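Here's the structure we're looking at; comments come further down.
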Amino acid sequence: MSRKGNPEQAVQKQSAPAGVAALERGLSILRTLGQQEGLSLTEIAQRSDLNKATALRLLRTLEQQGFVWRDGRQLYYFGYALAVITRNLSMDNWLASSMQPELDLLAKQTGETASFFNCSGEQRLCVAVAMGWRDVGHRLCTGDTLPMTGASGHVLTEFSDGRPKDYEFKVFQSLGERVAELAALAVPVFSGDGKLLGALGLSGTRTRFQEDEYRQELCAQLGVSLKRIHSAVP
């Protein structure tokens, strides 16, 4: 009399090779990004020796699980889930590295200086920045510490306790507050559980920012950028 095996075990044995193959392909994508981040779907597929359909399917899964994230230019980067697993990357470092592509895009689109600040004691610390392409603008460097003034300072002060239950999107602005010739706009960046992570901002000359139509365009750009950031932040 022949023995009938466990149907569930049989299914597992049959499906295991496919699962292992998918895992290997996913790890291949992560290795590719480990060599160079900021790659497009086509570049990842080519370097990982995958067809685009397979690469896209795997990237979507990796993105959903937080292992990769995609910026507004459809370029892929490591996600925060890897930092949680390895414990080798702090939230601040991850924010700085993950924010940089978005700041680069903001600076390119607007020509103004795009920055990300968080708190450092009683001051604010610039943890990431991208300079704009305009001849006259705001000079700012990563690591600069400034007083809790200006648009970013107001954001960090206003939301130091996190996102209020009745929070509504608002762009903070300052005109000549810290330096007479400069102006800035900023919005808060929150984690999924409402913790304040920092302030995303644009800064430039007061003359440009005083123009209502131009300022509204910058506010809209900040809103779009913030939405992409919040979709990637855990």
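The values are calculated or read from the model by the stated rules, or taken from the named source; none is laboratory data. Keep in mind that what you see is a predicted model, and the values were worked out from it rather than measured. Cβ: placed from backbone, ideal geometry, glycine included. Neighbour counts: every protein chain shown.
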Would you confirm, using the coordinates I've provided, whether D144 is surrounded by 14 or more Cβ atoms within 10 Å (Cβ to Cβ) and of a type outside the set (S, T, Y)? yes
Select from the stretch 36-77 the residues that are basic (K, R) and in contact with a strand residue (DSSP E or B) (Cβ under 8 Å, 6 or more places away or on another chain) and write down the one among them that is nearest to A107 (Cα to Cα). R70
Answer residue from the stretch 120-146, given it is assigned to a strand (DSSP E or B) and touching a residue at least 60 places away in the same chain (Cβ under 8 Å) and is nearest to S174 (Cα to Cα) among those: R124
What number of residues in the stretch 34-55 are more than 15 Å from F78 (Cβ to Cβ), surrounded by 15 or more Cβ atoms within 10 Å (Cβ to Cβ) and under 20 Å from the mean Cα position of the chain (by Cα)? 1
Say we look at the stretch 153-177 and pick out the residues that are out of contact with any Cys (no Cβ under 8 Å at 6 or more places or on another chain) and crowded, with 17+ Cβ neighbours inside 10 Å; which of these is nearest to S120 (Cα to Cα)? G153
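Determine whether F159 is more than 18 Å from Q216 (Cα to Cα), out of contact with any helix residue (DSSP H, G or I) (no Cβ under 9 Å at 6 or more places or on another chain) and of a type in the set (F, W, Y).
Here the answer is yes, as F159 does meet what is asked.
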Mind counting the residues in the stretch 185-196 that are surrounded by fewer than 21 Cβ atoms within 10 Å (Cβ to Cβ) and in a strand (DSSP E or B)? 2
Conditions (1) basic (K, R); (2) at pLDDT below 95; (3) under 18 Å from the mean Cα position of the chain (by Cα); number of the one not met by K108: (2)
Does the stretch 203-234 hold any residues that are touching a His at 6+ places or on another chain (Cβ under 9 Å) and farther than 15 Å from L106 by Cβ, and which are they? T205
Among the helices (runs of 4 or more DSSP H) contained in the stretch 1-86, which hold 2 or more residues that are at pLDDT 85 or above? 7-35, 41-47, 52-64
In the stretch 147-184, how many residues are assigned to a loop (DSSP other than H, G, I, E, B) and among the polar types (S, T, N, Q)? 2
Quick check on my filter: what residues within the stretch 201-220 are crowded, with 17+ Cβ neighbours inside 10 Å and of a type in the set (F, W, Y)? F209
When you check E177 against the structure, is it over 20 Å from A96 (Cβ atoms), modelled with pLDDT under 95 and within 22 Å of the chain's Cα centre (by Cα), yes or no? no
Total residues in the stretch 203-216, condition closer than 25 Å to L146 by Cβ and either over 25 Å from the mean Cα position of the chain (by Cα) or part of a helix (DSSP H, G or I) (or both): 9
